[in-house]
Amino acid sequence: MKMKKYYASSIPEAMKHVRAELGEDAVILNSKVVVTKKFFGIIKKKSFEVVAGIDSMEPSNVAPTPAALPITTAKKENVRLQEITNAVQAKMHQVQPQNDAPLHEETSISEDLRKEIADLKSLMHSIHKKTIQDQYPDELLPFIEYLRQQELSEELITTIGDELFTHFKEASEINFSQCKMVTKNLLRKELENLPVGGLSYEKKYINVLGPTGVGKTTTIAKMAARAVLEKKKKIGFITTDTYRIAAIEQLKTYAGLLQAPVEIAYNATDFEQAIHRLAHLDLVFIDTAGRNYKEVKYVDDLQRLIKFDEQAESFLVLALTTKEKDMANIVEQFKQLPIEKFIFTKMDETNSIGTMINLMIKYNKGLAYYTNGQEVPEDIEEADLEAVLNLFFQGEEK
């Protein structure tokens, strides 16, 4: 292997020198911050030392086939990605404060390392995007970009891209409709074993959970209205959302329209009494408090207040306008509770539903409903697998 050291003021600058001299197939072997001192240590100058290398390969008499070229390039790019990932992880450890370093120097070092980590992450992103572009034929790239715009996870995009590449590698022509068909079949296999559909009407208590601002109360009203109007069920409500007076009044308004009783539970004793008073009803919808469920204690409080037994089915409500990372954090906090399915709200406020599919697959959870407006009970749809797959490509039809 041919190796060489490079010095530059930043990692991206160093990578420019590496690529210019060693080419696109070079890999990063090591990187570190180098501080040089001048004038007896009064002036300090920081630079980055990058050790890069490239395999010395003998020329081959056999020319690779065009189809093999993208895969070879992709593998080399993946090696580069792994090397950069290792470098990022190493730098993360260096960000920890050093006990023997002066405070002002420690702060300066941490800021420098954080900037270097940001540079490395930016480089990883650019290389990953280039890997996707190099891996597949040009005809597939617009479709791959559509998947990315729909915010499908990169893992799923890679799986779909590989399937499309295999399916169409002998084809003389590739169009969007063909790619769409293959993708729907693949996603169908990923989702078909998950429970999809609304209330079972086999359990009496309907726990509706979720953070503040996702539209839980309105969603409960929509579910309850359908139970009354379509299934002729006798229903009631219990609310534990005693933190917001407006939420209680809103639920009372919906309950009045449906001629259903409402109980307010401030504590576990109130909740038990409410359960007893509503025992004669077919269904009891339980509206929980919208809290910052990044705090574990709120989930623990919920678990102590509400019963999660064989007579109850529980749904986690998430808004599609929320960042996927934040939604994932919420799901993680609720993992200790027996949640059967998701309910996704505010679909009318977004142009992509890839996040919905990502979370269902990642957490092995089904889908009960999705909502697309504020009208009660109209703006709610009971989930259906084929409808969800069609919704994923709805943006392409606009």
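The values are calculated or read from the model by the stated rules, or taken from the named source; none is laboratory data. These numbers come from a predicted model, not from an experiment. Cβ placement follows ideal geometry from the backbone for every residue including glycine, while neighbour counts extend to all protein chains displayed. Accessible surface areas use protein heavy atoms only, side chains included; no ligands, DNA or RNA. Shrake-Rupley method; radii C 1.70, N 1.55, O 1.52, S 1.80 Å.
Taken about its Cα centre, the range 200-318 carries a charge dipole of about 340 debye when Lys and Arg each add +1 at the Cβ and Asp and Glu each add -1 at the Cβ. Please go through the residue pairs 169/365; 189/231; 234/362; 180/341; 204/365 and name each one whose alpha carbons sit more than 28 Å apart in this structure. Long pairs (Cα-Cα over 28 Å): 169/365; 189/231; 234/362.
Here the convex hull built on the C-alpha positions of the range 200-327 has a volume of 111 cubic angstrom per residue. Between the amide H of residue 376 and any residue lying 5 or more places away or on another chain, no distance stays under 5 Å, with hydrogens modeled in the peptide plane.
Pop out the carbon and sulfur fraction of the accessible area of the range 283-376 as a percent, whole number, probe 1.4 Å.
The nonpolar share, carbon plus sulfur, comes to 41 percent.
In the context of the full set of protein chains, residues of the range 205-314 present 47 Å² of accessible surface per residue (probe radius 1.4 Å, heavy atoms only).
If R0 is 51 Å, the Cβ-Cβ spacing of residue 329 and residue 5 corresponds to a FRET efficiency of close to 0.80.
For residue 345, the residues whose modelled amide H falls within less than 5 Å of its own, excluding neighbours fewer than 5 places apart on the same chain, are 318, 319, 320, 371. Taken along the Cα-to-beta-carbon direction at a fixed 7 Å, the label points for residue 185 and residue 336 span 4.5 nm. Would you grab the residues whose amide H sits under 5 Å from the one on residue 233? Only those 5+ places off in sequence or on another chain, please, with H modelled 1.01 Å from N. Amide H neighbours of residue 233: 228. Mind giving me the FRET efficiency for residue 51 and residue 233? R0 is 45 Å, r the Cβ-Cβ distance, nearest 0.05 is fine. That gives a FRET efficiency of 0.05.
Backbone phi angles across the range 355-367, fed through the Karplus curve with coefficients 6.51, -1.76 and 1.60 (θ = phi - 60°), yield HN-Hα couplings of 4, 4, 5, 4, 5, 4, 6, 4, 9, 6, 10, x, 10 Hz in residue order; Gly and Pro are listed as x. Of 299, 220, 316, which is farthest towards the positive pole of the range 213-341's charge dipole, taken about the Cα centre with +1 and -1 on the beta-carbons of Lys, Arg and Asp, Glu respectively? In the range 213-341, that residue is 220. Each DSSP beta bridge with both residues in the range 302-398 is either parallel or antiparallel, and the antiparallel ones are about 25%.
Remark: spin-label model distance residue 386-residue 204 equals 3.7 nm, labels positioned 7 Å along the Cα→Cβ axis. With a point put 7 Å past each Cα toward its Cβ, work out how far residue 281 is from residue 351 in nm, to one decimal. Inter-label distance under the simple model: 4.2 nm.
Could you pull out the chymotrypsin sites (Phe, Trp or Tyr not before Pro) across the range 203-256 that fall in loop regions by DSSP (anything but H, G, I, E, B) with no more than 14 other Cβ atoms inside 10 Å? Within the range 203-256, the qualifying chymotrypsin sites (Phe, Trp or Tyr not before Pro) (loop, at most 14 other Cβ atoms within 10 Å) are 243. Centre-to-centre, using Cα atoms only, the range 183-232 and the range 304-349 are separated by 11 Å.
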